Amino acid sequence: MKWEGEEQSGNVEDRRGAGGGGPRIGGRGIGIGTVVAALLAGWVFGINPLTVLGLLSGGETAPTVAQGPAPPPPAGDRAAAFASTVLRDTEQVWGRVFQAAGGTYREPRMVLFRGVTPTACGTGQSAMGPFYCPGDARLYFDLDFFDTLARRMGAPGDFAQAYVIAHEVGHHVQNLMGITGKVDAQRGRVSQAQMNALSVRVELQADCLAGVWAHHTQKGKGWLEQGDIEEAMNAAAQIGDDKLQRQSQGTVRPESFTHGSSQQRMSWFKRGLDGGSLAQCNTFDSAL
């Protein structure tokens, strides 16, 4: 992926130098057992893992007052520069897509942090992996996650990382389109199995939206190199619910899926990549 020298986003906050105490959700401490349960329920790319933690704690996630804007990353930080470059490209792509549809794209902010950090959705922590908070329209990343993605999850490569960023941006696009609110409004009104099924459709749509971004960025810049698409497809495969459950539990329980199988995740990313259109990403009216 030929990203060096490309424009970087001005919407990146670097909180990695800020201190933080133990994470607390809804006024209660979160122990390691609760975090593990949340990861099994939502794993790496949840709609909002903070919601999972709030429910496991016995209540809704209490809003946390976020701190003021942090400074941008320092010059010479290659990992931060990469994330900022990919974010800028998503801003440009989705700005054009929304404009063509008669709308206006509101850019999210990306927060880089270590350990724990306050968010409008509650206290975020690195153990959750990357996540998007619709309450403050921010993407939260501990960049050390990308080492985990490569070494522990078998998904190396810069475009695998770009796919992760684009997926979280996809959740922001869903928020702007009103999809996030409609799905969250069903929480408590439908069964857990039905909520899981809705979550799968949300996640697969975010995968498809990541593919739409990849389609347009390649068409506009041609910065993808041989093997880049395969890196993204492999990342999608490595984080399928079936693969993660098989690795962590030894069994696969489709009724508990919240993100979709490896095949589904690859298929919907490829669908967005090939079609390049929002219309290709209607997971709610499609057979999965």
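Assorted remarks:
- Check on H215, in contact with a Pro (Cβ under 8 Å, 6 or more places away or on another chain), at negative phi and not hydroxyl-bearing (S, T, Y): no
- Applying the criterion of being under 21 Å from M177 (Cβ atoms) and of a type in the set (S, T, Y) to the residues of segment 85-118, the residue that is surrounded by the fewest Cβ atoms within 10 Å (Cβ to Cβ) is T104.
- Scanning segment 229-288 for residues that are in a helix (DSSP H, G or I), within 16 Å of L209 (Cβ to Cβ) and among the polar types (S, T, N, Q) returns Q264, S267, Q280, T283.
- All conditions in (1) touching a Gly at 6+ places or on another chain (Cβ under 8 Å); (2) surrounded by fewer than 16 Cβ atoms within 10 Å (Cβ to Cβ); (3) small (G, A, S) hold for S262, with the sole exception of (2).
- Residues of segment 119-141 satisfying the condition of being farther than 16 Å from Q174 by Cα and surrounded by fewer than 19 Cβ atoms within 10 Å (Cβ to Cβ): A120, A127
- Odd one out for P156 among (1) in a loop (DSSP other than H, G, I, E, B); (2) in contact (Cβ under 8 Å) with a residue 60 or more places away in the chain; (3) loosely packed, with under 14 Cβ neighbours inside 10 Å: (3)
- Unique residue being assigned to a helix (DSSP H, G or I) and small (G, A, S) when the list is G188, G170: G170
- Residue within segment 206-222 that is outside any helix (DSSP H, G or I), over 19 Å from Q174 (Cα atoms) and at pLDDT 85 or above present: yes
- The lone exception for T148 - which of (1) modelled with pLDDT under 85; (2) over 16 Å from F131 (Cα atoms); (3) part of a helix (DSSP H, G or I) it fails: (2)
- Only one of V164, V200, V173, V212 that is more than 19 Å from W94 (Cβ to Cβ), touching a helix residue (DSSP H, G or I) at 6+ places or on another chain (Cβ under 9 Å) and β-branched (V, I, T): V200
- Test: residue in segment 221-237 that is surrounded by fewer than 23 Cβ atoms within 10 Å (Cβ to Cβ), polar (S, T, N, Q) and free of Cβ contacts under 8 Å to residues at least 60 places away in the same chain: yes
- A count restricted to segment 121-154 and to residues that are over 23 Å from R88 (Cβ atoms) and touching an Asp or Glu at 6+ places or on another chain (Cβ under 7 Å) stands at 1.
- As for segment 204-213, it holds no residue that is in contact (Cβ under 8 Å) with a residue 60 or more places away in the chain and either surrounded by fewer than 19 Cβ atoms within 10 Å (Cβ to Cβ) or among the hydroxyl-bearing types (S, T, Y) (or both).
- Residue in segment 172-183 that is crowded, with 24+ Cβ neighbours inside 10 Å, under 23 Å from P108 (Cβ atoms), at pLDDT 85 or above and under 18 Å from the mean Cα position of the chain (by Cα) present: yes
- Some residue of segment 239-250 being within 28 Å of A100 (Cα to Cα) and surrounded by fewer than 21 Cβ atoms within 10 Å (Cβ to Cβ): no
The values are calculated or read from the model by the stated rules, or taken from the named source; none is laboratory data. Predicted model, so just to flag it, every value in this text is computed and none were measured. Quick reminder, even Gly has a Cβ in these numbers, built from the backbone with ideal geometry, and neighbours come from all protein chains shown.
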